[in-house]
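Chemist: Here it is: the structure, laid out below.
The values are calculated or read from the model by the stated rules, or taken from the named source; none is laboratory data. In this text the structure is predicted, and so the values were computed from the model without any measurement. No Cβ is skipped: glycine too gets one built from the backbone with ideal geometry, and neighbour counts run over all protein chains shown. SASA here: full protein model, heavy atoms, side chains in, ligands and nucleic acids out. Shrake-Rupley method; radii C 1.70, N 1.55, O 1.52, S 1.80 Å.
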Amino acid sequence: MQRLQNLQQQVNFLGDDDTFGHIQLAPADPILGMSLAYKADTTPGKIDLGVGAYRTDDEKPHVFDIVRKLEAEVISDKSLNKEYLPIEGLADFNKGAAALLFGKNSPAITESRIVSAQCLGGTGALRIGFDFIKRFIPGDIYVSRPTWGNHNQIISQVGLNQIEYPYFDVKTRGFDLKGALDTLSKARPGSVVLLHVCAHNPTGVDPTEQEWLQIADVCKRRRLVPFFDCAYQGFATGDLDRDAFSVRKFIELGFQMIVSQSFSKNMGLYNERVGAVHFITGNKETAVRLLSQLKTVIRVAVSNPPAHGARVAAKILTNEQNYTLWVNELKTVTGRIISMRQLLKQELDALKVPGNWDHVTVQTGFFTFTGLTPEQCERMISKHHVYMLKNGRISMAGITTKNVKQLALAIQDVVVNK
């Protein structure tokens, strides 16, 4: 009877108290918040340069033709079912994803030294990777300044210590090689270095091949563990193999490392959450043990990944005809972004906008770090209805042949009229 009364008192207490009332409103995600502000703006001619998702020249989302074709095949295939995938995901997808990134003839693949697991997009791959690091190699994490904002959030949530290394040179609007090497040369052995494979987000600035070799040298000397993030393979140079230079070179140099991979951009599978995490180990025996532990990390996080998007991606990656059709479409998509860089540069030069704008065509991938100040970005939004991040990043996919002149005029206005 006494226990029943005590239980009743606890229930009454909870009923009188606002259990969740102490929770504060979280700050809006700057990228998604910008997208909401754009959608709420009713001004004709507004421009969305915030979210990094591909748009056609008509400002429409794009679904690859090969993706539509293969989706129909997957849906109509009566031999498929809705059973759980293995914890590490769809085997054909993992095999194809590794071959795309590392090269099908990579010694790491032929020697069975790579452990691959399907993840929930690039973000899921990063989270699983850092969860694994936290459990097994919990050193400092060196992160470029700046980097994609979610990198910082994920590392913080996992509970790892992060240290910034210089990356973007404000004066040259290029890569700060000296700053990066100086900082990494002081890193403690065993620390992890987060590197962008290509098309660095948010700057669009990538190291040259020679600079990558210098980064590799300092990582080797300091015994640092590379963690590559590959979200834009195919979008830097327009060539899938050239874009994978950095990660393949590090494997060639004997590094054991981690790589996260996303197919959101280069296959347009944004809402299917198709990604992978790869661990390059020293030998086959280590790979077997690592996979067993990786499964325990994935099991408690998501149990196992979804099948649909991975099935579509696997059909592209493991079939030569499908692969060729996809590559041709991807070249069209990346070609449009490259042409928008050239057009914007031409318009800025024609208007004689003060400053050097060579970086617009030198930078690569989805984004350009314009060099505009936060105050200028504010005026781009409030006066010209050009929605962009306040750090000066713009998504080149939001530029079209119809709005590029309008954008250039807006940039001219905020630069000239201080």
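Chemist: Please go through (1) more than 17 Å from the chain's Cα centre (by Cα); (2) part of a helix (DSSP H, G or I); (3) not hydroxyl-bearing (Ser, Thr, Tyr) for PHE255 and return the number of the only condition it doesn't satisfy.
Modeler: (2)
Chemist: Okay, moving on. What number goes with the only condition from (1) touching a residue at least 24 places away in the same chain (Cβ under 8 Å); (2) over 27 Å from ARG299 (Cα atoms) that HIS151 does not pass?
Modeler: Going through (1) touching a residue at least 24 places away in the same chain (Cβ under 8 Å); (2) over 27 Å from ARG299 (Cα atoms) one by one, HIS151 breaks only (2).
Chemist: Just one of the numbered conditions (1) touching a helix residue (DSSP H, G or I) at 6+ places or on another chain (Cβ under 6 Å); (2) open to solvent by less than 10 Å² (accessible area, probe 1.4 Å) is not true of GLY204; which one?
Modeler: Checking GLY204 against (1) touching a helix residue (DSSP H, G or I) at 6+ places or on another chain (Cβ under 6 Å); (2) open to solvent by less than 10 Å² (accessible area, probe 1.4 Å), the one that fails is (1).
Chemist: Within the stretch 134-144, does at least one residue satisfy the condition of being over 17 Å from the mean Cα position of the chain (by Cα), modelled with pLDDT of 95 or more, of a type in the set (Gly, Ala, Ser) and within 24 Å of ARG242 (Cα to Cα)?
Modeler: no
Chemist: A further question on this structure: Based on what the data block shows, is ILE154 hydrophobic (A, V, I, L, M, F, W, C) and either open to solvent by 10 Å² or more (accessible area, probe 1.4 Å) or on the phi > 0 side of the Ramachandran plot (or both)?
Modeler: yes
Chemist: Go through (1) open to solvent by 50 Å² or more (accessible area, probe 1.4 Å); (2) out of contact with any Gly (no Cβ under 7 Å at 6 or more places or on another chain) and name the single condition PHE102 misses.
Modeler: Unmet for PHE102, out of (1) open to solvent by 50 Å² or more (accessible area, probe 1.4 Å); (2) out of contact with any Gly (no Cβ under 7 Å at 6 or more places or on another chain): (1).
Chemist: Taking the stretch 169-198 as the region of interest, how many residues are at pLDDT 95 or above, closer than 29 Å to VAL360 by Cα and more than 14 Å from the chain's Cα centre (by Cα)?
Modeler: Residues meeting the conditions: 11.
Chemist: Could you list all residues from the stretch 270-285 that are aromatic (Phe, Trp, Tyr) and closer than 16 Å to ARG113 by Cα?
Modeler: PHE279
Chemist: Still on this model: Residue by residue through the stretch 392-418, note down the ones that are open to solvent by 70 Å² or more (accessible area, probe 1.4 Å) and either acidic (Asp, Glu) or assigned to a loop (DSSP other than H, G, I, E, B) (or both).
Modeler: Scanning the stretch 392-418 gives THR401, LYS402, ASN417, LYS418.
Chemist: Any residue in the stretch 209-231 that is within 11 Å of PHE255 (Cβ to Cβ) sitting within a Cβ distance under 6 Å of a residue that is of a type in the set (Phe, Trp, Tyr) and not in a loop (DSSP other than H, G, I, E, B)? List the pairs, counting only those 6 or more apart or interchain.
Modeler: So the pair list comes out as ALA216/PHE250; PRO226/PHE250.
Chemist: Moving on to the next point. Output the residue which, of all residues in the stretch 355-376 that are open to solvent by 10 Å² or more (accessible area, probe 1.4 Å) and of a type in the set (Val, Ile, Thr), is farthest from VAL333 (Cα to Cα).
Modeler: Applying the filter and picking the extreme gives THR373.
Chemist: Does THR56 meet the test of being β-branched (Val, Ile, Thr) and at pLDDT below 95?
Modeler: Spelling it out, THR56 is indeed β-branched (Val, Ile, Thr) and at pLDDT below 95.
Chemist: Among the residues of the stretch 333-387, which ones are without any contact (Cβ under 8 Å) to a residue 24 or more places away in the chain and β-branched (Val, Ile, Thr)?
Modeler: Passing the criteria: VAL360, THR361, THR373.
Chemist: Can you tell me which residue is surrounded by the most Cβ atoms within 10 Å (Cβ to Cβ) among those in the stretch 65-89 that are among the aliphatic types (A, V, I, L, M) and under 25 Å from the mean Cα position of the chain (by Cα)?
Modeler: Applying the filter and picking the extreme gives ILE66.
Chemist: Hey, could you check the stretch 377-391 for residues that are under 26 Å from the mean Cα position of the chain (by Cα) and open to solvent by 10 Å² or more (accessible area, probe 1.4 Å) and say which is nearest to HIS62 (Cα to Cα)?
Modeler: Among them, the one singled out is TYR387.
Chemist: Then there is this: Please give the number of the condition PHE245 fails out of (1) in contact (Cβ under 8 Å) with a residue 60 or more places away in the chain; (2) aromatic (Phe, Trp, Tyr); (3) open to solvent by 40 Å² or more (accessible area, probe 1.4 Å).
Modeler: Status for PHE245: all satisfied but (1).
Chemist: Taking only the stretch 191-212 into account, find how many residues are part of a strand (DSSP E or B) and within 20 Å of THR370 (Cβ to Cβ).
Modeler: Adding up the residues that qualify gives 1.
Chemist: Shifting gears a bit: Which is open to solvent by 10 Å² or more (accessible area, probe 1.4 Å) and of a type outside the set (Ser, Thr, Tyr), of VAL218, VAL225, VAL143, VAL192?
Modeler: VAL225 is the lone residue from the list that is open to solvent by 10 Å² or more (accessible area, probe 1.4 Å) and of a type outside the set (Ser, Thr, Tyr).
Chemist: Taking the options THR361, THR368, name whichever one is in a strand (DSSP E or B), closer than 23 Å to GLY234 by Cβ and of a type outside the set (A, V, I, L, M, F, W, C).
Modeler: Of the residues listed, the single one that is in a strand (DSSP E or B), closer than 23 Å to GLY234 by Cβ and of a type outside the set (A, V, I, L, M, F, W, C) is THR368.
Chemist: For the stretch 298-307, give me each residue that is part of a helix (DSSP H, G or I) and under 21 Å from the mean Cα position of the chain (by Cα).
Modeler: ILE298, ALA301
Chemist: So which residues in the stretch 275-293 are part of a helix (DSSP H, G or I) and among the aliphatic types (A, V, I, L, M), if there are any at all?
Modeler: Within the stretch 275-293, ALA287, VAL288, LEU290, LEU291 qualify.
Chemist: Turning to a different aspect of this structure: Only residues that are open to solvent by less than 30 Å² (accessible area, probe 1.4 Å) and in a loop (DSSP other than H, G, I, E, B): list them for the stretch 38-61, please.
Modeler: ASP41, LEU49, GLY50, GLY52, ALA53, TYR54
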